[in-house]
């Protein structure tokens with residue numbers, strides 16, 4: 001008897017779910033039809049509310065975002081004061097923030113946010129034409145921080161962050177963004193997006209001369225060495241390290257890093273990344289600094305030995321390591 | 001594990017999954033209404049790869065799909081293209097003359113690409129294709145910086161749209177809608193220090209956009225040979241990209257789409273096809289690759305992004321496309337799939353159909369046989 005009851009309950013639950021699904025679809029389709037019927041001519045408040053409801057159900061409906069923006073321009077903004085326009089846009093920024101929390105990767109929502117930001121009116125007064133803009137744009141950094149707290153790798157959010165920093169009327173200094181990336185990296189070395197952002201910010205700071213490149217790179221190598229020693233298996237760290245090395249034109253730095261990585265390898269003999277990087281940097285030495293090399297053969301042999309070990313511990317890339325070894329043996333340029 | 005120890009490819013079940021998705025999708029999928037044409041492509045593409053189009057579908061259904069696809073071709077002030085579906089238009093009876101689109105119903109670049117592929121899979125004769133209109137649409141979508149937007153009046157622009165513009169031009173064999181130099185310059189700016197290409201110039205490298213970049217650069221009219229060095233890819237970029245792509249193959253055999261992310265079946269295609277295009281497909285560990293995708297098969301049909309995940313047409317199609325590019329000699333015959341054209345992302349048979357029917361001028365005809 002107990003068993004029979006259970007079967008009946010789950011059948012009823014299934015039926016209920018089916019019914020809910022059906023009702024939900026019916027409601028969506030009805031609402032969708034209603035909005036479609038109105039879009040060519042109806043710019044009323046009622047139509048506006050309908051688009052809100054529809055977008056909550058389906059924020060990917062990009063044409064409804066378009067319709068909503070048209071309603072702002074054609075009927076909601078005209079004859080309203082700047083303060084009222086600002087209010088309307090703030091409401092939409094709140095709406096999109098709410099939707100982004102459930103749908104963090106939908107392009108249409110991010111696009112609508114950008115549109116809202118770009119349409120903030122002058123105000124609140126003739127003496128303070130940028131007041132509304134400054135206050136809203138400053139909040140955007142906070143919003144995107146929240147999104148990145150929820151998902152540190154959301155590239156929509158990172159792209160948006162870069163857009164804000166490039167567009168906002170009074171952006172914080174690049175050094176403050178550098179500090180932001182430091183915080184994110186220290187929270188989690190695996191956050192490659194933060195390392196990536198750091199590489200972009202540093203490039204800007206070096207170009208403007210705000211940070212001395214040589215000194216800065218020294219500090220970055222220190223930072224990355226700490227990360228390496230803390231977690232030698234983390235791919236992000238090694239990619240960032242490779243970026244710092246760049247084209248390997250600075251022989252002394254190559255030698256220094258090779259020594260440092262070798263020390264780490266001595267402690268962690270199975271570290272694939274140590275071995276892979278050593279091969280990479282030794283090859284750079286062979287390729288770019290041949291004239292200054294004491295014992296080229298020792299370098300070549302060392303690479304071949306490392307590649308042999310890599311074949312064992314990193315089977316998915318076996319063929320790649322064989323190919324590299326072949327290249328080294330035949331003295332060909334790095335492929 | 002050798003190829004012969006792998007489970008079979010559940011061909012019938014996967015065809016069934018996509019066939020079902022062609023009829024209907026549940027309310028949990030409401031959001032992909034805006035990409036209906038793309039979903040159609042993944043379903044048709046799956047059936048094409050499995051050789052089941054004629055087995056599993058009736059001519060009346062195929063006729064219906066072709067008709068529905070043509071119903072999405074729409075013309076107007078910015079040229080002609082295909083909409084994602086008719087969800088933003090009031091119902092117009094089939095066979096009646098279409099109105100020009102409004103700013104709300106403009107064609108969509110990515111959907112135009114998937115529409116052409118879908119029609120080719122369904123062996124349409126393309127009599128109804130407005131080729132000149134499509135060329136004008138591509139022009140309308142290209143921006144100053146060389147990138148393309150999804151719609152002529154805006155929307156996001158990144159490498160996905162560039163790829164679709166290049167693929168469409170290549171299929172039409174008509175590049176007059178695209179400023180190739182500017183587009184190539186945009187692609188090159190998306191190259192990341194990691195290797196690979198990001199969505200936009202400052203972005204992290206992503207598997208999907210890396211495929212879009214490379215496929216575009218190899219489709220470009222100045223490049224005739226997949227095997228020769230590509231003039232738009234420097235030796236350094238090529239080396240970094242190969243290294244980055246290969247490092248994205250996890251020990252499970254699957255590929256991830258970005259540094260330090262988990263494997264996902266769709267990246268087996270985006271990253272795998274990229275390596276194939278670069279001529280280094282042999283460096284992929286095929287047995288592990290196949291084993292990963294085998295484990296992503298859902299017990300009731302379809303392929304999901306990771307083992308135990310729910311399937312969907314997107315992951316199903318891309319997994320099969322990836323498998324078509326990396327055949328394994330000693331695997332069970334169930335794994336045998338037709339050859340894939342990696343640049344257009346369709347079977348070679350369908351690609352042949354495209355070559356014969358999509359361009360205005362084909363090799364056989366001396367003068368245009370259609371408008």
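Laboratory data are not the source of any read-out in this text; all were calculated from the coordinates shown. Since we're looking at a predicted model, the values are computed, not measured. Virtual Cβ from ideal backbone geometry, glycine too; neighbours counted across all protein chains shown.
The share of C-alpha pairs in the protein assembly as shown whose separation exceeds 44 Å stands at 28 percent. Gyration tensor over the Cα atoms of segment B:280-371: the corresponding equivalent ellipsoid has semi-axes (square roots of 5 times the eigenvalues, largest first) of 34, 16, 10 Å.
Sorted from longest to shortest, the spans of the Cα atoms of segment A:77-134 along the three principal axes equal 39, 22, 14 Å.
Compared with the dominant Cα axis of chain A, that is its longest principal axis, helix A:296-313 is turned about 50°. Helix A:82-102 and the longest principal axis of the Cα set of chain A meet at an angle near 60°. Could you work out how far helix A:174-187 tilts from the main Cα principal axis of chain A, as a 0 to 90 degree angle to the nearest 10? For A:174-187 against chain A, the angle is about 80 degrees. With R₀ set to 56 Å, the beta-carbon distance separating residue B:173 from residue A:83 gives a calculated FRET efficiency near 0.50. The modelled label-to-label distance between residue A:183 and residue A:34, using points 7 Å beyond Cα along the C-beta direction, is 4.3 nm. Helical content of chain A, expressed as a calculated mean residue ellipticity at 222 nm, amounts to -25000 deg cm²/dmol (DSSP H runs of 4 or more residues, -39,500 (n - 2.57) each, divided by residue number, nearest 500). Among A:41, A:289, A:196, the largest mean-square fluctuation in a Gaussian network model of chain A, built with springs joining Cα atoms closer than 10 Å, belongs to A:41. Among B:109, B:37, B:22, the largest mean-square fluctuation in a Gaussian network model of chain B, built with springs joining Cα atoms closer than 10 Å, belongs to B:22. Look at the stretch B:249-262: the mean tally of other chain Cβ atoms within 10 Å of its residues' Cβ atoms is 3. Scoring B:347-360, A:119-132 by mean Cβ neighbours within 10 Å over their residues and listing the highest first yields B:347-360, A:119-132.
Extension gain, residue A:105 to residue A:292: 0.36 nm times the residue separation minus the Cα-Cα distance gives 62.2 nm. Enclosing the Cα atoms of segment B:165-250 in their convex hull gives a volume equal to 98 cubic angstrom per residue. Peptide B:240-247 is shielded by partner chain Cβ atoms: per residue, an average of 4 of them sit within 10 Å of its Cβ. The average projected area of segment A:218-335, computed from the convex hull of its Cα atoms over all directions, is 6.9 nm². The per residue volume of the convex hull around the alpha-carbon atoms of chain A is 229 Å³. By the helix-only formula, in which each DSSP H run with n ≥ 4 contributes -39500 (n - 2.57) and the sum is divided by residues, chain B has a 222 nm mean residue ellipticity of -13500 deg cm²/dmol. A protection proxy built from the mean count of other Cβ atoms within 10 Å ranks the segments B:130-143, A:19-32, A:98-111, most packed first, as B:130-143, A:98-111, A:19-32.
Could you sort the peptides A:214-220, A:156-162, A:63-69 by per-residue average Cβ neighbour count (10 Å cutoff), highest mean leading?
Ranking the peptides A:214-220, A:156-162, A:63-69 by packing returns A:63-69, A:156-162, A:214-220.
Averaged over the residues of peptide A:51-64, the number of Cβ atoms from other protein chains lying within 10 Å of each residue's Cβ is 4.
Where is the GNM fluctuation largest for chain B (alpha-carbon springs, 10 angstrom cutoff): B:283, B:122, B:293? Highest fluctuation of the listed residues: B:283. Shape summary of chain B, radius of gyration then Dmax from alpha carbon positions: 19.9, 59 Å.
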